[in-house]
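Below is one structure, written out as structure tokens; the observations come after it.
The values are calculated or read from the model by the stated rules, or taken from the named source; none is laboratory data. Not measured: the values here are computed from a predicted model. Cβ atoms come from the backbone with ideal geometry, glycine included; neighbour counts cover every protein chain shown. The accessibility values were calculated without ligands, DNA or RNA, using every heavy atom of the protein model including side chains. Shrake-Rupley method; radii C 1.70, N 1.55, O 1.52, S 1.80 Å.
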Amino acid sequence: MAKTIAGVVAKPVDAQRLIDELVRDCLCDRADISLMVRDSAGWWTREQSETAAGLKHAVDTSAAGARSLVSGIFEGVEAVSRVLPGGGILRVFGSLGVALANVGLATAAEVAKALVAVGIPQPEARYYGEAFERGSVLVTVQAKTDKIAQCARALMMQHGALAPGERVAS
């Protein structure tokens, strides 16, 4: 049975590193990794957000020389952009992220409720929802095995991506 592991990182380049390691070290399938970010910092322009192809050129404008998060990590994976009430744009990549975006998430409470629905304990889900609302990048993994789940949790712990209550060794 698949288990959802969630974490948050500060910047898209941090998410890129984490996802690269999830694929390399934990043997996660890219299709089982999702990413959500609330774009209020202008990482993408309006013209670029019109199509998924435009998104593939967008993220690392502030990280010169770095490979694009979207083209390097999410080639061929579902991508959605939605305008958020109160300003900003929701960017999501991956099947779980798209499913969460399609239910109209806009607030920390809505994100937390959706994460609880996929198996994240409520205190951690609330932490992730609040971090997402503040602009952090939410990364989720649908781990197909316990071994993948343990590896993903350990990597997220190394990256400081887990909620404080989850950071103790499990």
inquiry  = G165 - would you say it is in contact (Cβ under 8 Å) with a residue 24 or more places away in the chain, loosely packed, with under 15 Cβ neighbours inside 10 Å and either in contact with an Asp or Glu (Cβ under 7 Å, 6 or more places away or on another chain) or within 16 Å of L35 (Cα to Cα) (or both)?
reply    = yes
task = Can you confirm whether region 72-89 contains a residue that is in a helix (DSSP H, G or I), open to solvent by less than 10 Å² (accessible area, probe 1.4 Å), among the β-branched types (V, I, T) and at pLDDT 65 or above?
result = no
request  = For A154, indicate whether it is within 21 Å of F93 (Cα to Cα), hydrophobic (A, V, I, L, M, F, W, C), more than 15 Å from the chain's Cα centre (by Cα) and surrounded by fewer than 23 Cβ atoms within 10 Å (Cβ to Cβ).
outcome  = no
task = Of all residues in region 1-32, count the ones that are of a type in the set (A, V, I, L, M, F, W, C), more than 15 Å from L162 (Cα to Cα) and modelled with pLDDT under 90.
result = 4
query = Restricting attention to region 121-147, which residues are outside any strand (DSSP E or B), within 15 Å of S34 (Cβ to Cβ) and open to solvent by 10 Å² or more (accessible area, probe 1.4 Å)?
reply = S136, K144
